[in-house]
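No lab work stands behind these numbers, since they all come straight from the coordinates. Nothing here was measured: the structure is a model prediction, and the numbers come from that model. Quick reminder, even Gly has a Cβ in these numbers, built from the backbone with ideal geometry, and neighbours come from all protein chains shown.
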Amino acid sequence: MTIDLYTWVTANSQKVNIAVCELDLDVDVHPVNIGKGEQREPAYLKVNPNNKVPAIIDGETGIRMFESGAILMYLAERTGRLMPEDPAARWEATQWIFWQMAGLGPVAGQLNHFSADEARGAYARDRFRTELQRLVGILEGQLAGRDYVAGSYSMADIALWPGISRYERLGLDLGDYPNLRGWYRRIARREAVQRGFEMLQPGRRPPLPSA
Ligand SMILES: N[C@@H](CCC(=O)N[C@@H](CS)C(=O)NCC(=O)O)C(=O)O
């Protein structure tokens, strides 16, 4: 199968960049430079009318997908990989993908936005910082006694990891979250993760907190 991958170097894009590397898929990478507004060009809007990255087109099925979490689940179903087979574990992984998409991802995005410039408001910054810390505490609890979020390494880990890799910008000290730090480092060491992380930015390495 060949996948047309429309992507950039953002955390949401990197989920899919990493997934295609983990699955060793044949991909045609189409960079969409959101800094230059390419996500709003008519040709791209035919791929993703929501003018965001990432998006894919599966050359074999013709299926077009946007929303990074949905794309991860699609690729898992297409390949039969990276989602647990056992129903309880599979639904647990699904739950954490939704948690990332509806909770951690948007809250981190808002914190980033309101932190970009002092004039954007201390109330919003505090609100999203407090909520981010609460969410990260929940993830820390889930990782107690587990190497990966839903048992074995899965799309749930791939959904969560790129956002956490922005820990410095988000003001998170992974030293405060030992389970999360161990999980983060474990995944950062994966060769496919490193390849996905540096897609479109050759040589860029994931930041590594001390062990
Ligand atoms: N929920 C979407 C969010 C995608 C998203 O927010 N993409 C950002 C970059 S991380 C984007 O394309 N921004 C460009 C814009 O909003 O114009 C997903 O996970 O795929």
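Table for the structure above
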| item | result |
| --- | --- |
| Residues of segment 108-118 that turn out to be touching a residue at least 40 places away in the same chain (Cβ under 8 Å) and within 11 Å of the ligand (Cβ to nearest atom), as a count | 2 |
| Top-ranked residue in segment 36-61 [being within 9 Å of the ligand (Cβ to nearest atom) and in a helix (DSSP H, G or I); ranked as surrounded by the most Cβ atoms within 10 Å (Cβ to Cβ)] | GLN39 |
| Count of residues meeting criterion [away from the ligand (no atom under 16 Å from the Cβ) and among the hydrophobic types (A, V, I, L, M, F, W, C)] in segment 64-89 | 4 |
| From the options GLY69, GLY121, GLY105, residue that is out of contact with any Pro (no Cβ under 7 Å at 6 or more places or on another chain) and free of Cβ contacts under 8 Å to residues at least 60 places away in the same chain | GLY121 |
| Meets criteria (touching a Gly at 6+ places or on another chain (Cβ under 8 Å) and within 15 Å of the ligand (Cβ to nearest atom)) for ILE97 | yes |
| Test: VAL20 is within 11 Å of the ligand (Cβ to nearest atom) and outside any strand (DSSP E or B) | no |
| The listed residue being surrounded by 12 or more Cβ atoms within 10 Å (Cβ to Cβ) and without any contact (Cβ under 8 Å) to a residue 24 or more places away in the chain, out of ARG64, ARG81 | ARG64 |
